[in-house]
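In what follows, a structure is listed as structure tokens, so that the remarks can point back to it.
The values are calculated or read from the model by the stated rules, or taken from the named source; none is laboratory data. These numbers come from a predicted model, not from an experiment. Here Cβ is always computed from backbone atoms with ideal geometry, including for glycine, and neighbour counts include all displayed protein chains. The protein model used for the area step is the full one, side chains on, heavy atoms only, and it has no ligands, DNA or RNA in it. Shrake-Rupley method; radii C 1.70, N 1.55, O 1.52, S 1.80 Å.
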Amino acid sequence: MTYLEPQKEIDVYDDVDVIVVGGGPAGSSAALAAGRMGAKTLLIERFGCLGGVQSLGVAPLFMFPDPEVHGGIMKEILKRLEDGGATTKAKHLPKVDENSMIQKALLAMKVRDKLPKRMYESAGFWGQLGRAFDAEYYKLMLDEMMQEAEVKLMYHTFAAGVIREDDMLKGVVIESSEGRKAVMGKVVIDTTGMGDISRKSGAAIMGDEGFPVGNRKGRHVGMMIGYYIGGVNHEKFNAFCKENPEDWGAFFKGAAFVKQGIREGYHVRDMGIVLYNISDGRTWIQHAAYGLKGGRGYEIREQTSAEIEIRKQMYGLQKLFKDKIPGFESSYVQKAAILPLNGDPCRMLGEYVMTVADMRAGRIFEDSIGIANMPPDTFEMLGRMDFDILPYDIPYRCLISRDINNLMAAGTTMSSGGVSVCAMRFSAPSLAQGQGAGTAAAMSVKQGVSPKQVDIKALQDNLRRQGVYISVKERPDEAIEPYRAIQQLTMMGGKHEFFEDMNKY
Ligand SMILES: Cc1cc2nc3c(=O)[nH]c(=O)nc-3n(C[C@H](O)[C@H](O)[C@H](O)COP(=O)(O)OP(=O)(O)OC[C@H]3O[C@@H](n4cnc5c(N)ncnc54)[C@H](O)[C@@H]3O)c2cc1C
């Protein structure tokens with residue numbers, strides 16, 4: 001059945017240089033960069049704060065931020081969070097996790113004590129999940145940064161469609177409590193975390209393949225959230241973990257406990273739990289997830305089923321903890337995400353598609369706009385995550401649409417393969433891509449050319465002036481050496497049955 005929507009004239013709410021849709025790490029960084037370059041910039045966000053999945057998904061984390069590979073806005077954000085007392089570095093090398101293959105291998109080869117401090121104080125090789133921060137402060141801080149850069153923010157505004165003429169976007173159609181309106185712009189950057197704008201504009205997209213390799217081959221992963229359980233007695237719980245190291249000593253904790261809970265009728269996901277004790281009786285959990293039932297992550301029925309299932313699992317696990325685990329007797333669900341991470345999202349097809357082979361080789365690109373050090377998070381796909389990558393360049397061509405002259409993308413939506421997206425979507429690479437896209441968008445407007453025609457050398461010079469580390473080839477050997485050691489170890493120690501298959505994606 002269809003309904004013919006009557007044609008109607010709508011108001012133009014604003015007319016700017018750069019429209020950024022989606023206020024996650026990629027969109028925040030893109031808007032900041034464009035605004036700071038003097039472009040009239042509008043950032044549209046369907047919820048009421050910035051940070052995307054980091055804040056709305058209860059995932060206030062930066063994985064592997066390394067001051068030797070991440071410059072620019074990533075470094076600035078960490079500094080501002082530190083200055084605001086909203087994040088702290090690890091002071092000591094954490095204890096060895098007996099279940100971590102990498103840690104054991106590094107220990108055996110006596111590499112552990114030679115790792116530079118920067119590799120453990122905020123990067124996660126030793127068991128911390130990167131740098132955690134206070135999400136509420138992060139939201140305030142990003143608001144302030146936008147105001148300083150004179151970026152116009154539009155909260156509670158949903159980008160419902162695009163205004164396309166031939167190979168150009170003229171603007172975006174928005175829906176809000178004020179109704180349907182248009183915003184016009186010269187460059188549009190899709191940072192929706194699910195290729196929403198690319199898909200709605202009819203540009204070529206990727207993401208229909210599901211996971212191309214591994215035990216979930218061809219299936220879409222689905223959605224996942226983080227949440228907090230409050231009222232936990234950490235002392236009691238830690239003592240319990242110590243007494244039960246087989247099931248509670250691993251990175252993915254309580255796998256056998258969860259299985260037993262399922263046998264007893266608790267509604268929980270059959271998988272070990274990622275869990276961190278945060279201050280004041282608060283425990284962070286990453287466990288609740290929904291596997292898609294044949295559809296895509298942007299479909300209403302899948303999104304609705306996901307929310308219902310995830311909530312059930314969250315309460316199921318909390319009840320299981322409360323009933324069985326010392327320290328959780330007075331626990332309760334304290335805060336849950338309202339925006340799940342979309343496991344294998346739609347992505348804009350760009351002029352280049354980033355692959356796992358590029359990452360493993362630590363590839364250098366002539367059109368690089370920044371460096372990433374994140375390995376693909378293949379846990380859902382392979383049941384483990386490998387660190388067999390070297391820091392690699394992010395090519396500018398991945399940020400520009402193959403089909404539409406003034407459409408760009410960054411973060412989860414950038415042009416990357418079905419496995420490499422599981423690295424590119426992480427927060428640090430998303431910030432780097434955003435900064436590259438925002439800077440290029442502002443340059444293209446200033447010069448009156450398409451983002452495809454922006455001079456790469458001039459773009460790179462601009463980014464260098466902003467403190468971005470442009471390329472692996474410009475970093476000193478000491479910056480890259482620890483990754484070589486880790487790569488060598490994991491490649492020797494790991495089983496790589498999907499190795500060749502994975503490289504293409
Ligand atoms: C439990 C969990 C743990 C995680 N752990 C880590 C970690 O340790 N380290 C790490 O780096 N990352 C981690 N992540 C992942 C990380 O948070 C995301 O990969 C990252 O936020 C992606 O950034 P993004 O900017 O591409 O998109 P998102 O963060 O998804 O932001 C997209 C934004 O666009 C908005 N939007 C979408 N469509 C529209 C529209 N049509 N109109 C207006 N607005 C729109 C959304 O509301 C959202 O705010 C974790 C995620 C989860 C769920």
Computed from the beta carbon distance with a Förster radius of 45 Å, FRET efficiency for Gln7 and Ala256 to the nearest 0.05 stands at 0.15
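Work out, in µm²/s and without decimals, the Stokes-Einstein translational diffusion coefficient of the stretch 223-342 at 4 °C, 1.567 mPa s, Rh from Kirkwood over C-alpha pairs.
This corresponds to a translational diffusion coefficient of 88 µm²/s.
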Within straight cross-link reach of Lys259, meaning Cα distance under 13 Å, which aspartates and glutamates are found once same-chain residues fewer than 8 apart are removed? Asp247, Asp270
Calculate the spin-label point distance for Lys117 paired with Glu299, positioning each point 7 Å from the Cα along the beta-carbon direction, and give it in nanometres. 5.3
Would you mind giving the three semi-axes, in whole Å and largest first, of the ellipsoid equivalent to the chain according to its Cα gyration tensor? 36, 27, 21
Quick one: which residues, 5 or more positions from Gly370 or on another chain, have an amide H under 5 Å from its amide H? H modelled 1.01 Å from N in the peptide plane, none for Pro or chain starts. Ile394
Highest mean first, how do 435-444, 310-319, 263-272, 61-70 rank when packing is the count of other Cβ atoms within 10 Å averaged over residues? 435-444, 61-70, 310-319, 263-272
Cut-off under 5 Å, modelled amide H: who pairs with Ile278 long-range: Thr283, Trp284
Using r as the Cβ-Cβ distance of Glu481 and Asp83, and R0 as 35 Å, what FRET efficiency do you calculate, to the nearest 0.05? 0.70
Expressed as a whole percentage, what fraction of the accessible surface of the chain belongs to carbon and sulfur atoms when a 1.4 Å probe is rolled over the protein heavy atoms? 52
Note to self: with every protein chain in place and a 1.4 Å probe, the stretch 223-342 gives an accessible area per residue in Å² of 48
Seen from all sides and averaged, what is the projected area of the convex hull of the Cα atoms in the stretch 141-209, in nm²? 6.1
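Can you tell me how much longer the chain between Val173 and Arg402 gets when fully stretched, taken as 0.36 nm per residue apart minus their C-alpha distance, in nm with one decimal?
Using 0.36 nm per residue and subtracting the Cα-Cα distance, I get 80.2 nm.
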Averaged per residue, what accessible area in Å² does the stretch 135-198 show with a 1.4 Å probe, protein chains only? 43
Mean Cβ-within-10 Å packing, highest first, puts peptides 34-41, 153-160, 368-375 in the order 368-375, 34-41, 153-160
Sorting check: for 191-199, 462-470, 354-362, which peptide has the highest mean count of neighbouring beta carbons within 10 Å, and how do the rest follow? 191-199, 354-362, 462-470
